[in-house]
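The values are calculated or read from the model by the stated rules, or taken from the named source; none is laboratory data. From a predicted model like this one, the values you see are computed outputs, not experimental measurements. Neighbour counts are summed over all protein chains in view; Cβ atoms, including those assigned to glycine, are modelled from backbone coordinates with ideal geometry.
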Amino acid sequence: MIVPMLKYTFLVYHKEYEGFLKELGKLGLVHVIEKSYEETDKLREKKAFLCELDNEIKFLKKRNIPANEKTSGDGVVLLREIQSLMEEKEKNKQQQLALKKDINLLEPWGNFQPEDVKKLQEANLSVRFFTCSQRKFSDDWKSQYNIEIINEISGNIYFVIITQGAEPVEIDAEEIKLPALPLNELLQQYSEIGARNEAIEKEFDKAAESVQLLERLKKQIFDEIEYEKVLLNTGREADDRLMLLEGWIPEEKSEALSKFCDANGILFITDKPSAADNVPVMLKNNKFARLYEPILKLYSLPAYYEIDLTAFFAPFFMIFFGFCLGDAGYGITILILVTLYKIFKAKPEIKPLLTLGQYLGAATVLMGMVSGTVFGVNLLDTGYLLTEKSLEFLRGSNFPQELMDKISSIIGQHFETRDEYFKTLTGLIGSDALKHYKTELMRSSFSDYAILNKFRHLILDSQSIFNLSLAFGMIQILFGMGMRAANMIKQKGVIYSVSTISWIVLIIGLIITQGSVSLGYFEKEAMKLPTYIVLGIGLFGILFFNDPSTNIFISFGKGLYDIYGMVTGVFGDLLSYIRLFALGTSGAILGLVIDKIAVQFLGISYVGPIIFVIFLLIGHTLVMLLSILGAFVHPLRLTFVEFFKNSGFTGGGKEYKPFTN
């Protein structure tokens, strides 16, 4: 739910205003109403400094060095030291790149002294360095010039030509200008810079232990920025002698604020929000729904005058996650890993997310059992066998003797899959009898695994899972439309909700009337009158109450257009829920493929079982991670698109953030 807010307007004498703000910040209850203002240079500088702090804190935390909670010192000094070290490291990096380039250039020539080349130049001998491919190198050059081949590397020849003075050299080769320093000195410099960088890394690790200094400094600067912003949002009256501040506070906490103002002699006025006010939003939900608030915030907070949908989409999201992941083995794995991490290693701030993970894991176990999938193994097709004990069970279930006689011919016959079993039964007793006694025939058959006998009949086949996904989709769509009607009643009045309620009545009515005919509960003729009644009531509300703010003819026209949009929209939305079935099925198939490939390794002597286990672990881990991604994203889409659209959710709410220091 959205917590009701009250608007407070404070009027404070200018000499007392600074003290008032400090005490108000300590109270931490008032969300200051922001107005248009021009930022001061001081505020911009503090924001830039806060950005620097945030970057360095993130940098240090990435090093995963345990922080010393009792660290003392100056956060500003530590920040500047870190920035200085980072600048030095960056400079060293550029120097190493330049050195590496020179080293790569010199390595083919070996470690000679540039002074020796200078001595030859002083004797009027010019030493020039060339390189070319072996294919281009010509032996005729040796007869033309004094050539000394220095090295041959990767199809390239490195050679020098010694000429008298500035004698020109005309050959098809690249002349190299070598660095002034010898190779050994360049390598030494490169090594020294590398050693310095290692020392800098150790200093970073040491600084990471003192990251709490920067955290405290960040909090201080943030509070100063908030204080500056409050000053800029303060109105000035009576020649700047009176300071006027406006803010919002949860209604349930207003008594504490009023007592504070009375005790300090602060003049204040309270007021209820108006439709024109941009009221901040504070959510207050039960323990279960609160876990799903981060998911809602990924989209948007609700507007203040809307209904908070968190508690209403939470159960659907949990079930849809389990639907998409759809493997009881993966669900158990999630439960175990998340629970262990939550108990032994998790920080308090992430424990709610881990609790959410536990709920999603539990939903996956439930839906995995419904679909009969455990680590890719299909529990549905695990053998079907009728025995004499099966007949005894059927007799106790009032199974007709004439049908008993027909199925007695398959006593002792083993069927691999449910489809094979049902196909044979259909041929013996007919499809109508099978449909009527399907549960008894499932419960009476024995599985290849005795542990499955008591609950295998509860497992749904793929067609039933498909139908179930559509059923959940229709339920959520209708539920969303119900929330739209509730929002209309809250914001505008009952009459504005009539059109939406009429759609709900029409859809549910048609499902009941036409569904009962399809299932054979009623004859088609018997349901004609109820169908016409439902159509009449629904269409009347849709056509004549579509827009109560206009005249009846405009409302009628909008109603006709709404019928087209709703029919096509609801049908398209309903088809979107097929993804629940598709993702669960695809994940089960991938898991089954992993199992079948792994089994083949068992035929390898000695190491086969080891490879089998390793392949299962790696394969199912990858499939599970991929499936978890899909199981989170697609319910998210169904929530944000189908459910939010049908519930009329607009969002755009601004989070309640009280001024503190």
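Here residue 213 passes the criteria (1) in contact with a Gly (Cβ under 7 Å, 6 or more places away or on another chain); (2) assigned to a strand (DSSP E or B) except the one numbered (2). Kindly provide the set of residues from the stretch 572-630 that are of a type in the set (Lys, Arg) and surrounded by 14 or more Cβ atoms within 10 Å (Cβ to Cβ), ordered by number. Across the stretch 572-630, the qualifying residue is only 579. Within the stretch 417-432, is there a residue that is closer than 27 Å to residue 326 by Cβ, surrounded by fewer than 16 Cβ atoms within 10 Å (Cβ to Cβ) and under 41 Å from the mean Cα position of the chain (by Cα)? Scanning the stretch 417-432, I find at least one residue that is closer than 27 Å to residue 326 by Cβ, surrounded by fewer than 16 Cβ atoms within 10 Å (Cβ to Cβ) and under 41 Å from the mean Cα position of the chain (by Cα), so the answer is yes. For beta carbons closer than 7 Å, sequence separation of 6+ or different chains, a first residue in the stretch 412-424 that is in contact (Cβ under 8 Å) with a residue 40 or more places away in the chain and a second that is aromatic (Phe, Trp, Tyr), the qualifying pairs are 418/384.
Among the residues of the stretch 1-41, which ones are at pLDDT 85 or above and assigned to a helix (DSSP H, G or I)? Across the stretch 1-41, the qualifying residues are 19, 20, 21, 22, 23, 24, 25, 26, 27. Residues of the stretch 162-204 that are part of a strand (DSSP E or B) and either surrounded by 13 or more Cβ atoms within 10 Å (Cβ to Cβ) or out of contact with any strand residue (DSSP E or B) (no Cβ under 6 Å at 6 or more places or on another chain) (or both): 162, 163, 164, 176. What about residue 477, is it more than 18 Å from residue 305 (Cα to Cα), β-branched (Val, Ile, Thr), assigned to a helix (DSSP H, G or I) and at pLDDT 90 or above? Judged against the criteria, residue 477 is a match.
The residues of the stretch 126-161 that are hydrophobic (A, V, I, L, M, F, W, C), loosely packed, with under 15 Cβ neighbours inside 10 Å and under 18 Å from residue 177 (Cα atoms) amount to a single one, 149.
On inspection, residue 447 qualifies as under 30 Å from residue 411 (Cβ atoms), surrounded by 15 or more Cβ atoms within 10 Å (Cβ to Cβ), touching a residue at least 60 places away in the same chain (Cβ under 8 Å) and small (Gly, Ala, Ser). Filtering the stretch 481-512 to residues that are crowded, with 22+ Cβ neighbours inside 10 Å and more than 38 Å from the chain's Cα centre (by Cα) leaves nothing. Once the stretch 1-49 is narrowed to residues that are of a type in the set (Val, Ile, Thr) and either within 38 Å of the chain's Cα centre (by Cα) or surrounded by fewer than 18 Cβ atoms within 10 Å (Cβ to Cβ) (or both), the residue that is nearest to residue 307 (Cα to Cα) is 2. With 470, 478, 460 as the choices, which residue is surrounded by 14 or more Cβ atoms within 10 Å (Cβ to Cβ) and more than 30 Å from residue 502 (Cα to Cα)? Exactly one residue qualifies, and that residue is 460.
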